[in-house]
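Peer 1: My structure is below; once you've seen it, I'll send some questions.
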Amino acid sequence: MIIALTGFMGVGKTTISEKLAKLILCKHLDLDKYIEESENMSVSDIFAKRGEVYFRRMETFALREIVLRNENDIIVLSLGGGALLSHENQEIIKKYTYCIYLKASLSTIITRLRRAKKNRPIVNEISENEEEARFKELFEAREEGYNNSASFILDVDNKSIRQIVDEIIAVI
């Protein structure tokens, strides 16, 4: 079983997936880190040097490779915030994983992203004056993919990491 965690930037996909994998004693993979290792550069550098289109192609290739290599194992996979923009990726996730959409309100997302701005390539391009409108636009563009791919939707607002992990364990 592949348990995939999806959701917008800043909802805690990586943190939650790492904790979940430790608790259920399985391997954790982060799609963005997998791509960084295969490309030998950071996601920010891939965006800057090769562009988003190239990155999204690599994302689909890496996702397909991960699920095919691990379809008979138990793993927790954290997806990048934009991984489900692609209908092809949505189909891969629906077919091969139990996908949990970690859903947060826009205000929670904005607060978290402001704190972690330097680590996120898309967020770095947004001026402070445009943040709220741009985050809303990005979120709305991605939300359909999250909803279409989700086996379960989990509201993460005002919940601790432990509460979220416990809720996930209860549904898997």
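The values are calculated or read from the model by the stated rules, or taken from the named source; none is laboratory data. Since we're looking at a predicted model, the values are computed, not measured. Glycine also receives a Cβ, built like all others from the backbone with ideal geometry; neighbour counts cover every protein chain displayed.
Peer 1: Quick one: which of S17, S44 is touching a residue at least 60 places away in the same chain (Cβ under 8 Å), under 27 Å from R114 (Cα atoms) and over 13 Å from the mean Cα position of the chain (by Cα)?
Peer 2: After ruling out the rest, the residue left standing is S44.
Conditions (1) closer than 26 Å to C26 by Cα; (2) modelled with pLDDT of 95 or more; (3) touching a strand residue (DSSP E or B) at 6+ places or on another chain (Cβ under 9 Å), marked per residue:
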site: N89; (1), (2), (3): yes, yes, no
site: I92; (1), (2), (3): yes, yes, no
site: R120; (1), (2), (3): no, no, no
site: N129; (1), (2), (3): no, no, no
site: Y146; (1), (2), (3): yes, yes, yes
site: S151; (1), (2), (3): yes, yes, yes
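Peer 1: Considering only the stretch 26-33, I want to know if a residue exists there that is in contact (Cβ under 8 Å) with a residue 40 or more places away in the chain, in a helix (DSSP H, G or I) and under 30 Å from S107 (Cβ atoms).
Peer 2: Yes: one or more hits.
Peer 1: Which numbered condition trips up N72, out of (1) within 21 Å of H28 (Cβ to Cβ); (2) crowded, with 18+ Cβ neighbours inside 10 Å; (3) of a type outside the set (A, V, I, L, M, F, W, C)?
Peer 2: (2)
Peer 1: While we're on this one: What residue, among those in the stretch 38-51 that are assigned to a helix (DSSP H, G or I) and loosely packed, with under 15 Cβ neighbours inside 10 Å, is modelled with the lowest pLDDT?
Peer 2: Within the stretch 38-51, the match that is modelled with the lowest pLDDT is A48.
Peer 1: Within the stretch 28-37, is there a residue that is modelled with pLDDT under 95, out of contact with any Ser or Thr (no Cβ under 9 Å at 6 or more places or on another chain) and not β-branched (V, I, T)?
Peer 2: No, that holds for no residue.
Peer 1: Just to be sure, is Y54 loosely packed, with under 15 Cβ neighbours inside 10 Å and hydroxyl-bearing (S, T, Y)?
Peer 2: Yes; evaluated as a whole, the condition is true for this residue.
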